[in-house]
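Everything on this sheet refers to the single structure shown next.
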Amino acid sequence: MGPALDLQRVANQLRGDVLRMVHTAQAGHVAGPLSAGEIYSVLYFGGVVDLAQDKIVLSCGHYCPIMYAALARNGNFPRSELKTFMQAGSRLPGHPERGSLPEVEVSAGPLGQGVSVAVGMALALKIQYGQRSQKTTPRVYCVLSDGEIQEGQVWEAFNTAVRRQLDNLIFILDRNRIQIENYVAQVATYGEVAGRLEAFGLHVLEIEGNRTDKIMEAITQAKEVMGGPVMIVANTVGGKGVSFMENDPSWHDKVPSQDELTKALKELGEKNEQV
Amino acid sequence: MSKYSDKYLISEWRTAPKRAIRDGVGEALVKIGEDERVVVLSADLAGSTRVDKFAETFPDRFFELGVAEQNMAGVAAGVAFTGLIPFMASYAAFSPGRNWEQIRISIALSKANVKIIGSHGGVATGKNGPSHQGTEDIALTRVLPNMTVLTPADATQCQTMIEAAYKLVGPVYIRTARPETPNFTKKYDFEIGKIEKYREGRDVTICASGIPVWESLMVAEELAKEGVECEVLNISTIKPLDRETIIESARKTNKVITIEDHQIAGGMGSAIAELLGEEYPVPIKRMGITDKFGLSGEWEEVYKWFGLDRVSLKKAVVDYLHE
């Protein structure tokens, strides 16, 4: 079993946790967190991110179940706590709140905000690390979604990231093509996303976003880019991993029934158990 | 003994030389900028917010982010999360006007150690008209949990307030103003949450903030000649309110009038009314902008239009006392 295969397994374990959490809470988002399974598997378990000093920012806050699942699997807090997702007083609120866990870097939910915060972090880290080489300056990884880039703030943030040559900043755009109301292309016409991002001056790498090997490769490549921020456009499938959830906007934030949960966990190769 | 505070007022306060409140910003930032953690962010208004002095002195820690106030609020939060102390500056009409939700989530909910300088507060902004006159900024910021809200009465107080904000860990909003107005206070260590009593009186308490503070003192002086003794409080910290000082004064005068260059809905006067309504109910009259947008014009003319000039204030106090 190669490392890429292990990461794929982890991605499905994280997906299983997402579905269990949402089912237990009877609320939360499904399709986005599932589409980002491989992204979170690589960020936390791929060994390409220096978890001791780099920052991982989740800007599309509704993806938080997958972040919580990754943090729990990484040993940052007990996995049993996942069942408190969205409960009053829980450290796992329905959208991320900075400081609820030490690893939750930004409060997110209103889309676009985390992108600017990530830019501010990267900027400040460059100030503080000053003359030290790019390789030792902590990096900031920022996960955002394709619905999210409808927010104008995101493009304001890209301007700053490019103008300030933030080569310690790596964006990962989960391009799953769905949002609450419909397919992204139905809600807002983008044309070529990668082309637009490139036109803003970002160094764009477009990849198959549900393949851990491709994500590993892209991050490794992104770390070598000097002089400006990198944007990894990860083409993913909304609801990835569960056949009846895939590419269906109605699963954006639908809670699976007990039957649906059982079927989904089976497809993911996960045990049929609660968190 | 003088009824006017020696501690807070310069002796020639009546004829004090004029300076814009916003002028205090640059000097204070240059002073605290000796601390390498201090960073200043601008949204294309460095000159008129007066942060340009910091930019000249510490160019490596000044960042012009362009006309993008929403992004500036987020960037400021991110900068703060790494342990630096960012000051972000724009006009109050745009910040917190345009970027209120970013301030709400990225800064206030996150307890980000960000200092927000909102320049051009109030209709005193003058000729640029209502779009550029921040007349709701106090309401917008004081409703946010974790946020401290400050309004200096002159340039000197603006300096010490910025120094105090720098020392406080947590989000702070500081409202400044454009025109040149009397720089009438003494420099002292401003304490957040502790307001200043500028004049002792027994008949009515005038709670003022910003430019109207000096005018209130002048009104008090004129009324003293007519036998009316006004107590004048500078509500320099609007949040958290100095409950003790305000209630003590209300207890003495049993009549309170509030004066501010801001909508009367949600502003400093509302904060005072909320406090006294719950804890020591006395009759209150609020002066300010009464549910209207501002007006383009020379600021002193605009003040007359909205009844914020000295003649209007004096008449309002007299009418109120005779009600």
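Quick notes on this one:
- Members of the range B:104-125 found to be within 11 Å of chain A (Cβ to nearest Cβ) and in contact with a Phe, Trp or Tyr (Cβ under 7 Å, 6 or more places away or on another chain), listed by number: B:112
- Residue match in the range B:118-126 (condition: over 16 Å from the mean Cα position of the chain (by Cα) and modelled with pLDDT of 95 or more): yes
- Positions within the range A:63-80 being of a type in the set (A, V, I, L, M, F, W, C) and either under 17 Å from residue A:22 (Cα atoms) or at pLDDT below 95 (or both), in sequence order: A:64, A:66, A:67, A:69, A:70, A:71, A:72
- When the range B:37-64 is filtered for residues that are in a loop (DSSP other than H, G, I, E, B) and either over 16 Å from residue B:96 (Cα atoms) or more than 14 Å from chain A (Cβ to nearest Cβ) (or both), the ones remaining, listed by number, are B:37, B:45, B:50, B:51, B:58.
- In the range A:105-131, of all residues being buried (at least 21 other Cβ atoms within 10 Å of the Cβ) and without any contact (Cβ under 8 Å) to a residue 40 or more places away in the chain, the one that is farthest from residue B:60 (Cα to Cα) corresponds to A:120.
- Residues that are closer than 30 Å to residue B:254 by Cα, assigned to a loop (DSSP other than H, G, I, E, B) and at pLDDT 95 or above, drawn from the range B:293-323: B:306, B:307, B:308, B:309
- Only residues that are in contact (Cβ under 8 Å) with a residue 40 or more places away in the chain and more than 15 Å from residue B:79 (Cβ to Cβ) were counted across the range B:30-43, and they come to 2.
- Answer from B:18, B:115, B:111, B:3 - the residue that is on the phi > 0 side of the Ramachandran plot and not hydroxyl-bearing (Ser, Thr, Tyr): B:111
- Top-ranked residue in the range A:220-238 [being in a helix (DSSP H, G or I) and touching a residue at least 40 places away in the same chain (Cβ under 8 Å); ranked as surrounded by the fewest Cβ atoms within 10 Å (Cβ to Cβ)]: A:220
- Among residues of the range A:80-99 that are in contact (Cβ under 8 Å) with a residue 12 or more places away in the chain and small (Gly, Ala, Ser), those with a beta-carbon under 6 Å from a residue that is part of a loop (DSSP other than H, G, I, E, B) and buried (at least 16 other Cβ atoms within 10 Å of the Cβ) at least six positions away or on a different chain give the pairs A:94/A:86.
- Filter result (part of a loop (DSSP other than H, G, I, E, B) and at the interface with another protein chain (Cβ under 9 Å from one of its Cβ atoms)) within the range B:68-103: B:68, B:82, B:83, B:84, B:99
- Selection from the range A:112-124 of residues that are part of a helix (DSSP H, G or I) and either out of contact with any Pro (no Cβ under 9 Å at 6 or more places or on another chain) or more than 7 Å from every other protein chain (Cβ to nearest Cβ) (or both): A:113, A:114, A:115, A:116, A:117, A:118, A:122, A:123
Matching residues to (1) buried (at least 16 other Cβ atoms within 10 Å of the Cβ); (2) among the aliphatic types (A, V, I, L, M):
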site	(1), (2)
B:18	no, no
B:22	yes, no
B:26	yes, no
B:38	yes, yes
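- In the range A:100-111 there is no residue matching the filter, namely being of a type outside the set (Phe, Trp, Tyr) and more than 14 Å from chain B (Cβ to nearest Cβ).
The values are calculated or read from the model by the stated rules, or taken from the named source; none is laboratory data. The structure displayed is predicted, hence computed values, not measured ones. Glycine gets a Cβ as well: all are built from the backbone with ideal geometry, and neighbour counts include every protein chain shown.
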